[in-house]
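The values are calculated or read from the model by the stated rules, or taken from the named source; none is laboratory data. Computed from a prediction, not measured in an experiment: that's the story for all the values here. Don't worry about glycine lacking a Cβ; one is built from the backbone with ideal geometry, like all the others, and counts go over all protein chains shown.
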Amino acid sequence: MKITVLTLFPEFFDSFTNTSIIKRAIDNKHVDFSSVNFRDYTLDKHNNVDDTVCGGGAGMLLTCQPIVDAIKANRQKDTKVIMMTPQGAPLNQQKVHELAQSDDVIVLCGHYEGFDERIRSYVDEEISIGDYVLTGGETAAVVLCDAMIRLHDGVITTTSHEDDSYENGLLEYPQYTRPIEFEGQKVPDILLSGHHENIRKWRLKESIRKTYLRRPDLLDKKELNKEESKLLSE
Ligand code: 6GU
């Protein structure tokens with residue numbers, strides 16, 4: 001997968017691409033990541049990329065020319081252009097799977113008060129990471145890129161994605177490691193029993209319980225199978 005981030009702050013992504021699993025995914029060529037400064041594309045003699053709002057109002061807007069030229073210069077025929085904006089579709093794990101199907105994406109990050117509306121006609125998808133406002137799209141782009149990259153084959157080898165929170169529409173069950181007792185808190189006996197089927201049932205039940213208590217909205221959306229419905233009613 002190729003990811004090109006268009007941003008005024010390409011250095012923002014340095015620690016993201018130089019740390020842990022994402023660094024390894026790049027080193028092992030699972031992902032080709034670059035961040036490009038769209039200021040490099042401005043034709044303005046003072047290098048500006050923003051201007052005042054037509055009709056008046058506070059703040060500045062990103063102008064069409066540098067951004068549209070940066071998109072055109074960095075896209076191929078099949079590139080998906082994603083704009084990070086609080087007005088976008090809410091990001092969830094299903095959306096991450098969808099977007100991670102693309103072999104080539106451009107992720108556009110805004111700053112200041114936002115984008116000239118006409119830029120949106122050059123964009124395939126607008127994505128928001130939640131109902132709160134950030135100073136810029138860069139932090140949101142890191143979230144989106146991390147979630148997409150980790151889904152690629154070979155990036156994560158130690159765990160299966162199917163057990164992750166949200167993959168099956170439920171929150172993850174509680175997990176423990178040694179010691180068996182820590183400051184009076186014990187690992188549940190069943191996890192030490194070696195009885196795999198009972199452990200599987202306990203984990204599913206705890207997943208449902210945690211989801212019911214913390215995120216009932218997820219249960220409303222999920223189609224429970226027979227076993228899950230039975231556990232929920234217990
Ligand atoms: Cl994608 N951008 C900004 N600036 N704020 C946000 C966001 C994105 N998602 C939630 N808040």
(request) State whether one or more residues within the stretch 180-200 are at pLDDT 95 or above and under 20 Å from the mean Cα position of the chain (by Cα). (result) no
(request) Could you list all residues from the stretch 1-20 that are farther than 13 Å from V142 by Cβ and under 16 Å from the mean Cα position of the chain (by Cα)? (result) M1, K2, T4
(request) Could you please tell me which pairs satisfy a Cβ distance under 9 Å, a separation of 6+ or placement on different chains, a first residue in the stretch 112-135 that is within 16 Å of L8 (Cα to Cα), and a second residue that is near the ligand (Cβ under 6 Å from one of its atoms) and in a loop (DSSP other than H, G, I, E, B)? (result) Y112/G136
(request) From Q87, Q94, Q76, grab the single residue that is surrounded by fewer than 17 Cβ atoms within 10 Å (Cβ to Cβ), touching a strand residue (DSSP E or B) at 6+ places or on another chain (Cβ under 9 Å), without any contact (Cβ under 8 Å) to a residue 60 or more places away in the chain and under 23 Å from S128 (Cβ atoms). (result) Q87
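Say whether the condition of being assigned to a loop (DSSP other than H, G, I, E, B) and under 14 Å from I119 (Cα atoms) is met by at least one residue in the stretch 50-66.
Yes: the stretch 50-66 contains one or more residues that are assigned to a loop (DSSP other than H, G, I, E, B) and under 14 Å from I119 (Cα atoms).
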(message) Out of V49, V68, I need the residue that is in contact with a Lys or Arg (Cβ under 6 Å, 6 or more places away or on another chain) and either aromatic (F, W, Y) or not assigned by TED's automatic domain parsing to the domain that holds K221 (or both). Which one?
(response) V49
(message) So, in the stretch 50-84, how many residues would count as being under 21 Å from A140 (Cα atoms), of a type in the set (A, V, I, L, M, F, W, C) and either more than 16 Å from the ligand (Cβ to nearest atom) or touching a Pro at 6+ places or on another chain (Cβ under 6 Å) (or both)?
(response) 3
(message) Regarding the stretch 148-161, can at least one residue be identified that is within 16 Å of the ligand (Cβ to nearest atom) and either under 22 Å from the mean Cα position of the chain (by Cα) or crowded, with 17+ Cβ neighbours inside 10 Å (or both)?
(response) yes
(message) Take residues that are within 25 Å of E98 (Cα to Cα) and in contact (Cβ under 8 Å) with a residue 12 or more places away in the chain and tell me which of the helices (runs of 4 or more DSSP H) falling wholly in the stretch 164-234 contain 1 or more.
(response) 196-214, 216-221
(request) For the stretch 88-125, name all the residues that are within 22 Å of H152 (Cα to Cα), among the charged types (D, E, K, R) and within 14 Å of the ligand (Cβ to nearest atom). (result) K95, E125
(message) I'm trying to understand the selection: among the residues of the stretch 126-138, which are assigned to a loop (DSSP other than H, G, I, E, B), within 15 Å of the chain's Cα centre (by Cα) and more than 6 Å from the ligand (Cβ to nearest atom)?
(response) D131
